[in-house]
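The block underneath contains the structure these notes are about, expressed in structure tokens.
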Amino acid sequence: MERIPESGTLKMFDMARRLERDGKKIYHFEVGQPDFPTPENVVNAGIEALKQGFTRYTPARGIPPLLDAIEGSYKSRGIDFDGSKNVIVTPGAKMALFQGFLGTIDTGDDVLLLAPAWPTYRVLIRMVNAKPVNVYTNGNYTLDEEYLKQKISRTVSALVINSPNNPTGGLLKKADLKLIYDLAEDHDFVVFSDEIYESIVYDGFKQNSMLEIDKTMERTLVINGLSKSHAMTGWRIGYAIGNEETIDNMARIQQNTTSCAASFTQYAGAEAITGDQNDLDLMVWEYQKRRDLITGLFNDIEGLECLNPQGAFYVFPNFTEYGLSSETLAELFLKKVGICASPGRVFGKKYDGFLRFSYATPLEDIKEGIAKLAEFLPTIR
Ligand SMILES: Cc1ncc(COP(=O)(O)O)c(C=O)c1O
């Protein structure tokens, strides 16, 4: 248990809830989940599945209609695999990551993390008795080739990448993915590619899947899910795509732990992938409006730098000028102006002057909340 620290985001969330109970208005920028409802066609598919009696265990890897839907959605992007052999559906992407790490990484291995990195990776890596090692990127998740090469040692067995990235919203270029794949081949390590924000991209940017490079999936495990794309966090549908050996190992872990993802939510998941995507387009359009607003407001504040993200729903402004740790800043912002954001340090030690703001929050709250912050900041300079 000593390897599992308290979640930095949840700590802020609990503090915010206490303040809310005392009647204070809180602007929630800490939550990493869409504020939209699950699309109606998806909800109806879940209800219909329940009514039809799909309330029992399913095959450990998932129900064929969902595996086929996943296979089909990648085929339409020119990526071919066999849904019945190369995919496992899990209760959320977190579980896919955990099973993937457990089935692949040995005790004592080093696992590289392109940082800033979502803190759950570090916790899960520690839970399998391995050691997370940060490989810092520049700006909006831009790869530093030489630095990455320096970090590769003989004890490295895996590298975790996440594009679009949580917390910066940055995307890795296809050339960077190729470079990572070549290094993985030369140094014999596995790449975990968390692509859960793949469909939330802006300004015509395109997310490239690691599977476009590693077509045989020899050394790639892609992690994906419907939590973010289809506003389905509570339905718990994630999945992994990889070679047969890795997926077989994960299926054995799943058989003996969770058995399967929930039956009726898998039917809803198949509808989410194959059904009407109009709601998804509307959500991305709305996120883009919010991104434009929040980056604009932050960059109008003197002494603050906020890069424009190409995807996901986070910005990661730099408050280093104010000379305070990210935890102190987060607590101050919450107590003084009711702004709840996540301290940057949890994404990597180097980011102690940063905070992550999720803009999965209404436009009005962004306008009002950041205006209050802009008024407050000069008082701590
Ligand atoms: C990068 C990343 N991967 C995975 C997840 C987890 O997704 P799920 O809800 O499917 O477990 C999150 C959620 O915050 C995330 O930010």
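The values are calculated or read from the model by the stated rules, or taken from the named source; none is laboratory data. None of these values were measured; they are calculated from a predicted model. Positions of Cβ are backbone-derived with ideal geometry, glycine not excepted, and every protein chain shown enters the neighbour counts.
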From the list Pro362, Pro309, pick out the single residue that is touching a residue at least 60 places away in the same chain (Cβ under 8 Å), in the same structural domain as Arg18 (by TED's automatic domain parsing), surrounded by fewer than 24 Cβ atoms within 10 Å (Cβ to Cβ) and of a type outside the set (Ser, Thr, Tyr). Pro362
Considering only residues of the stretch 43-67 that are free of Cβ contacts under 8 Å to residues at least 24 places away in the same chain and either within 25 Å of Asn86 (Cα to Cα) or part of a loop (DSSP other than H, G, I, E, B) (or both), which is nearest to the chain's Cα centre (by Cα)? Leu67
Let me spell it out: the conditions are (1) touching a residue at least 60 places away in the same chain (Cβ under 8 Å); (2) at negative phi, and Gly303 meets all of them except one. Which number is the exception? (2)
Residues that are of a type in the set (Val, Ile, Thr) and part of a helix (DSSP H, G or I), drawn from the stretch 120-157: Thr120, Val123, Ile125
Go through Tyr197, Tyr267 for me and flag whichever is under 23 Å from Val315 (Cβ atoms), touching a residue at least 40 places away in the same chain (Cβ under 8 Å) and among the hydroxyl-bearing types (Ser, Thr, Tyr). Tyr197
Scan of the stretch 215-236 for residues that are crowded, with 24+ Cβ neighbours inside 10 Å and in a loop (DSSP other than H, G, I, E, B), ordered by number: Leu226, Lys228, His230, Met232
Please go through the stretch 213-232 and give me each residue that is β-branched (Val, Ile, Thr), touching a residue at least 60 places away in the same chain (Cβ under 8 Å) and more than 8 Å from the ligand (Cβ to nearest atom), ordered by number. none
Note on Phe13: of the conditions (1) within 30 Å of Ile247 (Cα to Cα); (2) within 16 Å of the ligand (Cβ to nearest atom); (3) assigned to a helix (DSSP H, G or I), unmet is (1)
Just a yes or no: is a residue in the stretch 103-111 within 11 Å of the ligand (Cβ to nearest atom) and under 19 Å from Gly238 (Cα atoms)? no
Determine, yes or no, whether Leu179 is of a type in the set (A, V, I, L, M), under 24 Å from Val284 (Cβ atoms), more than 12 Å from the ligand (Cβ to nearest atom) and at pLDDT 95 or above. no
Within the stretch 135-150, count every residue that is in contact (Cβ under 8 Å) with a residue 12 or more places away in the chain, closer than 24 Å to Asn318 by Cβ and either surrounded by fewer than 18 Cβ atoms within 10 Å (Cβ to Cβ) or within 17 Å of the chain's Cα centre (by Cα) (or both). 8
Looking at Ala117 and the list (1) within 20 Å of the chain's Cα centre (by Cα); (2) in a loop (DSSP other than H, G, I, E, B); (3) surrounded by fewer than 22 Cβ atoms within 10 Å (Cβ to Cβ), which single condition is not satisfied? (3)
Going through (1) in the same structural domain as Ala130 (by TED's automatic domain parsing); (2) surrounded by 12 or more Cβ atoms within 10 Å (Cβ to Cβ) one by one, Leu19 fails only at (1)
Does the stretch 185-208 include one or more residues that are under 26 Å from Gly108 (Cα atoms), more than 16 Å from the ligand (Cβ to nearest atom) and assigned to a loop (DSSP other than H, G, I, E, B)? yes
